[in-house]
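To start, the structure under review is shown below, and the notes come after it.
The values are calculated or read from the model by the stated rules, or taken from the named source; none is laboratory data. Bear in mind the structure is a predicted one, so any value in this text is a computation, not a measurement. Cβ placement follows ideal geometry from the backbone for every residue including glycine, while neighbour counts extend to all protein chains displayed.
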Amino acid sequence: MSTSDHQASPPRLALPELLIGVGLLACAGAVAWQTLAIPVSPLYSKVGPTVFPYITMAGMILLSLLLILAAMRGGWQPDEEKETPTDWKAMGLVAAGLVANLVLIQPLGFTAASVIMFVLVCFGFGSRHPLRDALLGLVLALAAYFGFAKALGVNIGAGLIENQLNALIGAMLGGKGG
Amino acid sequence: MDTLSHLAHGFAVAFTPTNLLWCLVGTTLGTAIGVLPGLGPALTIALLLPITYQVAPEASFILFAGIYYGAMYGGSTTSILLNTPGESATIVTALEGNRMARSGRGGAALATSAIGSFVAGTLGTLGVAFLAPTVVKYALKFGPAEYFSLMVLAFITVSAVLGSSSVRGLTSLFLGFVVGMIGVDLQTGQPRFTFGTAELLDGVDVIIVAVGLFAVGETLYMASRRYAGKDEIVPLKGSLYMTAAEWARSWKPWLRGAAIGFPIGAMPAGGAEIPTFLSYAIEKKLSRHKEEFGTVGAIEGVAGPEAANNASAAGVLVPMLTLGLPTSATAAIMLSAFQSYGINPGPLLLTTQANLVWGLIASLFIANVILVVLNLPLIGLWVRLLKIPAPQLYAGILVFATVGTYGISQSPIDLAILYLLGAAGFLMRRFDFPTAPVIIGMILGPLAETQFRRAMTIENGDWTVFFRHPLSLTLLTLAFIGLVGPHIWAWIEHRRRRGPEHVPGDA
């Protein structure tokens, strides 16, 4: 419910909102740069591949200016959002989990990387049982790997754990390994 | 009747054992993800998109439709018992439903919402079956100029008219355009917005965008808000069966809700928020138990909006199946599933893919029956699902997000893009930018561009074509009114009252 409420005090510059507006302006700049890089054949000059990018760029510039204007008039954040402090520690741990997954998924395989991410994210959200979470993460990652990936025919990077299990399943089926 | 024979044929398709099984899987999964906060139908269908490489189109669309309908049913359970709307369309249900649960009438609230969803869902699906062939008749006369103008109208309504701010909605839409343009331009073969990298030549997969915005962004947001108040689950008290008085108070709101929801959903504007708020306002006005609204909870305030929500969800399928025009994030992702089969949704879909369309519509009737069974006698199961603690729930969502993304091409670059989009999704959530227009812009933007260029090519680059065709001009005028009308209206109101302006409800 972000209503621009009647302001008794003179409006103040809202820094986070200003940064968002400037960021969007930078995005529009990137769009302009990439649009200029599109080679245009004179054959298509009227309705070529750059018409829409230019329209998009113009729209983004206009919108970012409007956002910057709104930021200078005090921003648009709802009060409840402003009053709740950001839990940087929890966010940091979740982000750490994501980065760990990104870095480890190729060397360790999907399951192991997922378990590490699972434990870090749980810890970030306030769980204090890393061992239990690790076990739960393992079960879930294996369920995701075998149930989801295999059923959908999606090929997921296998690591040590997956290869062992695939070999085991292959041996049990007594034939070709998965 | 033509429609009836088509429908009979559709039931023959839907009643095959495999398709029934897909319907059951979809509705069960849909209810589960509707109940779980942080998961929605758009995200779930995006994660399941790879299934389109495995099974027949009928099977996957029956599955997706089951998820789509199921999430509407499941979302109301969460709204009533937890007061955290699982879906944006069930915000209104939480208003009265949660109050009813707190005053010990949770059972009746769940019953009226499930049965109301069934009634309205069935009426809405009938509406799809009978309206779709009519729309097709008109749509066949559309040229590229009309299509483009219609898409402009849809862009304006989904981003600027609905939601709390037209500037922020349009910003989301334009970001979607940019993402949609990444990759090789299909008409000239020129790479666009690839920053010179080979990885971006194929474009950004809609799975990555949906998962990044909805799963990763949502998880980061929830982590950042851990200081905010916790919601408690209201224990389910009272019988699940409504008394005669409750039936008497429910059936009219159901029908009114369906009558409001379906037409609004079927318009190229879409969105379930407006019909639910509208239905709530009407029921509050008409009710003989006004004192219950906002205090102990009025059953009309649950029955009406729930019916409106489900009927509008059905209505959204009309522009989607007849014009190829998605008006919600979920519909946009379903459109990309059509594209993955090489099917172009549009006026010809009903004739060229009769099996698919009518099988899908028939399966929606079956889904409604399954869902009312799943959501009333088996409600205890879903309540247990609500008790999954947040740490493990969100960590689990991220594991599945990784599977879905990494599975596309086993490239860590995809994961990096996913997490960047997740960061963007967090900022959007934090600063009140709607995320659905990004998905719609990304899917519909390239289609609008194609129609635009087609129209321009036909007319030799004369852009006045969009204003010379009467229908195209009408659509563009409507879009313009939608864009500036509310601002002029707010300005007039502001001048008249010289008080603070109020925007009714953001969504």
Practice prompt. Sort out which residues of the range B:3-47 are closer than 30 Å to B:Pro434 by Cβ and free of Cβ contacts under 8 Å to residues at least 40 places away in the same chain, and write them in order of number.
Written response: B:Thr44
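Looking at A:Leu67, is it crowded, with 17+ Cβ neighbours inside 10 Å, under 21 Å from A:Leu19 (Cα atoms), of a type in the set (A, V, I, L, M, F, W, C) and facing another protein chain (nearest Cβ under 10 Å)?
Details: crowded, with 17+ Cβ neighbours inside 10 Å: yes; under 21 Å from A:Leu19 (Cα atoms): yes; of a type in the set (A, V, I, L, M, F, W, C): yes; facing another protein chain (nearest Cβ under 10 Å): yes.
Spelling it out, A:Leu67 is indeed crowded, with 17+ Cβ neighbours inside 10 Å, under 21 Å from A:Leu19 (Cα atoms), of a type in the set (A, V, I, L, M, F, W, C) and facing another protein chain (nearest Cβ under 10 Å).
Look through A:Val94, A:Val99, A:Val115 and report the one residue that is in contact with a helix residue (DSSP H, G or I) (Cβ under 9 Å, 6 or more places away or on another chain), of a type in the set (Val, Ile, Thr) and more than 8 Å from every other protein chain (Cβ to nearest Cβ).
Just one listed residue meets the conditions, A:Val115.
Any residue in the range B:110-128 that is free of Cβ contacts under 8 Å to residues at least 60 places away in the same chain, over 18 Å from the mean Cα position of the chain (by Cα) and closer than 30 Å to B:Ala337 by Cα?
Here is the first cut: in the range B:110-128, the ones free of Cβ contacts under 8 Å to residues at least 60 places away in the same chain are B:126.
Keeping just the survivors that are over 18 Å from the mean Cα position of the chain (by Cα) gives B:126.
The next check asks that each one be closer than 30 Å to B:Ala337 by Cα; those that pass are B:126.
Yes, the range B:110-128 contains a residue that is free of Cβ contacts under 8 Å to residues at least 60 places away in the same chain, over 18 Å from the mean Cα position of the chain (by Cα) and closer than 30 Å to B:Ala337 by Cα.
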Worksheet entry | Only one of B:Thr188, B:Thr219 that is farther than 27 Å from A:Thr56 by Cβ, out of contact with any Asp or Glu (no Cβ under 8 Å at 6 or more places or on another chain) and within 11 Å of chain A (Cβ to nearest Cβ) | B:Thr219
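For (1) within 28 Å of B:Ile413 (Cα to Cα); (2) modelled with pLDDT under 75, each residue gets a yes or a no:
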residue: A:His129; (1), (2): no, no
residue: A:Tyr145; (1), (2): yes, no
residue: A:Ala151; (1), (2): yes, yes
residue: A:Gly157; (1), (2): yes, yes
residue: A:Glu162; (1), (2): yes, no
residue: A:Lys176; (1), (2): no, yes
Item to complete: Check A:Phe148, A:Phe125 and return the single one that is aromatic (Phe, Trp, Tyr), surrounded by 19 or more Cβ atoms within 10 Å (Cβ to Cβ) and within 19 Å of the chain's Cα centre (by Cα).
Response: A:Phe125
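Report, by residue number, each residue of the range B:26-62 that is closer than 20 Å to B:Gly75 by Cβ and in a loop (DSSP other than H, G, I, E, B).
Of all residues in the range B:26-62, those closer than 20 Å to B:Gly75 by Cβ come to B:26-48.
Correct list: B:Leu36, B:Pro37, B:Gly38, B:Leu39, B:Gly40, B:Leu48.
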Worksheet item: Among (1) part of a helix (DSSP H, G or I); (2) free of Cβ contacts under 8 Å to residues at least 24 places away in the same chain; (3) over 28 Å from A:Gly124 (Cα atoms); (4) among the hydrophobic types (A, V, I, L, M, F, W, C), where does B:Trp463 come up short?
Response: (1)
